[in-house]
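Peer 1: First the structure, then my questions, so here it is.
The values are calculated or read from the model by the stated rules, or taken from the named source; none is laboratory data. Just so it is clear, the model here is predicted, and its values are computed rather than measured. Note that each Cβ is placed from the backbone with ideal geometry, even for glycine, and that neighbours are counted across all protein chains shown.
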Amino acid sequence: MTTISIEAVNAPPLRRHRRLPDKWAWLLMAVVAGILLVWEAAVSWLHLVPESFLPPPTAVAAAFVELLGRPDFWQAFVFSLQNLAIGLVLAVIVGVIVGLAVGWSPVLRFTVAPFLWLLYSTPKVALAPLFILVLGLGNESKIALVFLLAVFPIILNTMEGAVTVNASLVNAARVYNVNGVALGWKVIFPATLPYSLAGIQRGVALGFTGEVLGEFLGGAGGLGHLLEFAAYQFEMAEAIAMVFVMVIVANLLLALISALRKRLAPWYDDRQVMYGA
Amino acid sequence: MSAMSAIFASGPNIGRRGLASWLAGLSAGGRAAVLAVEVLLLLVVWQLVVGVWGLVNPVFFPAPLDIARGFGELVASGSLAANAAISLQAWLIGFALAVVVGIPVGLLMGGSLPVDKVVGPIAWTIYATPTIAYQPLSKAWFGFGIGPVIFLVTVSALFPILLNVAAGMRTTSPSLLRAGRVYGASRFELYRKVFLPSTVPFLFAGLRQAVVLATIGMVVAEMTGSSSGMGALIIKAANTYQTDQAFAAIFVVVIWSVSMTQVVSLVERWTAPWTRKARR
């Protein structure tokens with residue numbers, strides 16, 4: 001319940017060590033390679049763990065490559081990402097508009113914000129079975145779940161951003177006779193943008209949870225369904241490869257939003273958000 | 001927490017009038033009263049729309065009184081107590097494991113640059129992926145039941161704790177450290193008197209985040225891989241169209257999540273009162 005984003009503190013490399021990233025990257029790669037080697041040794045050479053339980057990295061890699069060549073995998077991929085995209089776009093539109101409105105209007109903030117806050121901190125995944133009950137097993141229930149899970153962090157962060165807009169900026173704009181919509185567009189919106197993007201970043205992760213959970217509970221297609229099925233069949237190599245696919249997708253999505261944040265709000269200082277909020 | 005305070009912040013909208021200024025002028029008790037009236041109003045309208053006028057199918061969205069009845073049924077049949085006990089057990093074990101592992105590893109990351117550079121990216125990659133992705137694996141490995149629930153709670157709660165502690169260590173003000181050294185603080189004293197106080201607010205921020213994520217992990221794991229626990233109870237109730245019971249069970253989970261967050265904040269106020277001022 002805070003924009004103290006540890007992402008912000010951790011993500012940018014410390015300026016002092018900018019000379020050294022290669023060294024650390026090599027070290028990281030060496031450690032990862034070491035882990036994979038131990039894993040491979042423990043399973044295929046020393047047989048400490050049965051292969052059907054935890055397949056060696058080589059088997060996982062083979063399954064991964066095989067997966068990428070399967071048309072049903074790509075079908076599932078498109079199914080999941082399409083639902084995710086639709087749900088997220090809706091969540092961003094509604095979240096930013098509601099967040100700005102509630103953040104800007106003291107009356108709305110007082111009357112509506114406590115409920116938004118309560119809904120934000122509610123584990124809404126618990127509502128998933130009801131969504132499937134109401135909207136069925138198809139796309140609609142997944143899109144609705146993505147929306148429901150993603151929208152609240154966006155609202156709350158946008159609201160917080162709108163509240164913390166520097167009053168002297170608003171006053172300066174008013175002095176120059178900038179009012180109403182222009183004030184919102186030229187001052188409030190840009191000042192709020194970094195907060196919204198932080199909310200969107202969290203919303204994407206939660207939306208992903210919604211999509212996969214929807215597929216687990218009412219399997220009609222998608223990556224989650226494929227993963228569930230592989231694990232159910234005890235095709236562990238394929239299941240682990242599927243998990244890697246999800247790890248890659250989730251991290252790419254977050255990286256995309258980080259890049260967007262740098263592009264759209266280059267003035268944005270993470271530390272300011274941390275301490276100034 | 002900061003969003004909660006944002007509700008009562010004055011905001012940039014200068015020169016408000018009418019209702020806004022009346023609300024702004026209310027005392028804390030007055031505000032609470034207005035909110036209470038609002039909640040009551042909401043419940044009455046909900047009851048009217050669903051229960052009396054029948055505008056919404058009550059199977060999909062039961063009225064407050066139906067939910068209260070569902071709650072009564074769950075209590076009377078004993079299924080609430082049985083499932084809540086199992087969830088509680090899984091949640092507490094998983095959360096304790098996450099704390100026990102997360103804090104030392106976070107401290108290690110914050111204290112040593114090589115550890116940070118190696119563990120950090122790996123931890124971030126795992127943290128960025130919704131833990132639900134690991135659920136089928138944990139079900140295959142730990143079997144149907146409480147095992148995967150504990151696993152998912154632990155994985156959900158571990159990374160916010162670990163990464164926040166590491167971030168807190170790393171953002172310790174260098175000038176404070178220098179001052180400590182100038183006054184001849186030993187290594188231990190530096191940790192005890194400089195690193196610890198500045199890391200604690202981050203730790204509690206991480207714990208609060210972990211509470212929310214752990215509860216999500218618990219519900220997800222129980223819904224998709226267990227026959228007992230609150231998540232399983234919700235699924236069973238929904239699948240048999242007893243949505244009043246499902247909503248009652250969801251309500252219990254919400255209360256649990258919110259109150260655990262409050263417990264973390266309370267512990268913070270007892271053990272680290274200085275964070276109030278620093279964190280705002």
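Peer 1: Going by the conditions given, is B:LEU43 more than 8 Å from every other protein chain (Cβ to nearest Cβ) and at pLDDT 85 or above?
Peer 2: yes
Peer 1: Identify the single condition in (1) away from every other protein chain (no Cβ under 14 Å); (2) crowded, with 24+ Cβ neighbours inside 10 Å that A:LEU156 does not satisfy, given that it satisfies every other one.
Peer 2: Condition not satisfied by A:LEU156: (1).
Peer 1: Take the range A:123-138 and flag every residue that is surrounded by 21 or more Cβ atoms within 10 Å (Cβ to Cβ) and either more than 9 Å from chain B (Cβ to nearest Cβ) or closer than 24 Å to B:GLU38 by Cα (or both).
Peer 2: Matches in the range A:123-138: A:PRO123, A:LYS124, A:LEU127, A:PHE131.
Peer 1: Kindly establish whether A:ALA62 is more than 21 Å from A:ILE240 (Cβ to Cβ) and aliphatic (A, V, I, L, M).
Peer 2: Taking the combined requirement at face value, the residue does not satisfy it.
Peer 1: While we're looking at this one, here's another question. May I ask you to verify whether B:VAL99 is surrounded by fewer than 24 Cβ atoms within 10 Å (Cβ to Cβ) and without any contact (Cβ under 8 Å) to a residue 40 or more places away in the chain?
Peer 2: No.
Peer 1: Listed residues A:VAL170, A:VAL249, A:VAL163, A:VAL204; which is modelled with pLDDT of 85 or more, surrounded by 14 or more Cβ atoms within 10 Å (Cβ to Cβ), at negative phi and at the interface with chain B (Cβ under 9 Å from one of its Cβ atoms)?
Peer 2: A:VAL249
Peer 1: Quick one: which residue in B:GLY72, B:GLY102, B:GLY54, B:GLY120 is assigned to a helix (DSSP H, G or I) and more than 30 Å from A:GLY224 (Cβ to Cβ)?
Peer 2: Result: B:GLY72 is the single residue among B:GLY72, B:GLY102, B:GLY54, B:GLY120 that is assigned to a helix (DSSP H, G or I) and more than 30 Å from A:GLY224 (Cβ to Cβ).
Peer 1: Just a yes or no: is a residue in the range B:77-98 more than 14 Å from every other protein chain (Cβ to nearest Cβ), closer than 30 Å to A:MET29 by Cα and among the aliphatic types (A, V, I, L, M)?
Peer 2: For the range B:77-98, residues more than 14 Å from every other protein chain (Cβ to nearest Cβ), closer than 30 Å to A:MET29 by Cα and among the aliphatic types (A, V, I, L, M): present.
Peer 1: When the residues of the range A:139-169 are narrowed to those that are small (Gly, Ala, Ser) and free of Cβ contacts under 8 Å to residues at least 40 places away in the same chain, which ends up farthest from A:LEU213 (Cα to Cα)?
Peer 2: A:SER168
Peer 1: Condition first: polar (S, T, N, Q) and touching a residue at least 60 places away in the same chain (Cβ under 8 Å). Now tell me which residues in the range A:78-131 satisfy that.
Peer 2: A:SER80, A:ASN83, A:SER121
Peer 1: Conditions: (1) modelled with pLDDT of 90 or more; (2) more than 7 Å from chain A (Cβ to nearest Cβ); (3) out of contact with any Ser or Thr (no Cβ under 8 Å at 6 or more places or on another chain). B:VAL219 meets all but one. Number of the miss?
Peer 2: Tallying (1) modelled with pLDDT of 90 or more; (2) more than 7 Å from chain A (Cβ to nearest Cβ); (3) out of contact with any Ser or Thr (no Cβ under 8 Å at 6 or more places or on another chain), B:VAL219 fails exactly one: (2).
Peer 1: Mind telling me which of the residues B:GLY110, B:GLY120 ends up being facing chain A (nearest Cβ under 9 Å), under 26 Å from the mean Cα position of the chain (by Cα) and over 29 Å from B:GLU222 (Cα atoms)?
Peer 2: Matching residue, one of B:GLY110, B:GLY120: B:GLY120.
Peer 1: Also, quick follow-up: Give the residue, chosen from B:ALA133, B:ALA82, that is surrounded by fewer than 21 Cβ atoms within 10 Å (Cβ to Cβ), at negative phi, out of contact with any His (no Cβ under 7 Å at 6 or more places or on another chain) and in the same structural domain as B:VAL219 (by TED's automatic domain parsing).
Peer 2: B:ALA82
Peer 1: Find the residue count for the range A:173-188, including only residues that are closer than 16 Å to A:ILE97 by Cα and either in contact (Cβ under 8 Å) with a residue 60 or more places away in the chain or surrounded by 13 or more Cβ atoms within 10 Å (Cβ to Cβ) (or both).
Peer 2: Residues in the range A:173-188 being closer than 16 Å to A:ILE97 by Cα and either in contact (Cβ under 8 Å) with a residue 60 or more places away in the chain or surrounded by 13 or more Cβ atoms within 10 Å (Cβ to Cβ) (or both): 5 in total.
Peer 1: Among B:VAL50, B:VAL119, B:VAL99, B:VAL105, which is farther than 30 Å from A:GLU211 by Cα and among the β-branched types (Val, Ile, Thr)?
Peer 2: B:VAL105
Peer 1: Only one residue in B:GLY111, B:GLY145, B:GLY78 is touching a residue at least 12 places away in the same chain (Cβ under 8 Å) and under 23 Å from B:ILE235 (Cα atoms). Which one?
Peer 2: Of B:GLY111, B:GLY145, B:GLY78, the one residue that is touching a residue at least 12 places away in the same chain (Cβ under 8 Å) and under 23 Å from B:ILE235 (Cα atoms) is B:GLY145.
Peer 1: For the structure I just gave you, tell me whether A:ARG202 is in a helix (DSSP H, G or I) and under 26 Å from the mean Cα position of the chain (by Cα).
Peer 2: Yes, satisfied.
Peer 1: Shifting gears a bit: Within the range A:34-47, work out how many residues are loosely packed, with under 11 Cβ neighbours inside 10 Å and of a type in the set (A, V, I, L, M).
Peer 2: 1
A quick yes/no check of all residues on (1) surrounded by 22 or more Cβ atoms within 10 Å (Cβ to Cβ); (2) part of a helix (DSSP H, G or I):
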position: A:LEU54; (1), (2): no, no
position: A:THR58; (1), (2): no, yes
position: A:ASP72; (1), (2): no, yes
position: A:LEU88; (1), (2): yes, yes
position: A:VAL98; (1), (2): no, yes
position: A:LEU108; (1), (2): no, yes
position: A:GLU140; (1), (2): no, yes
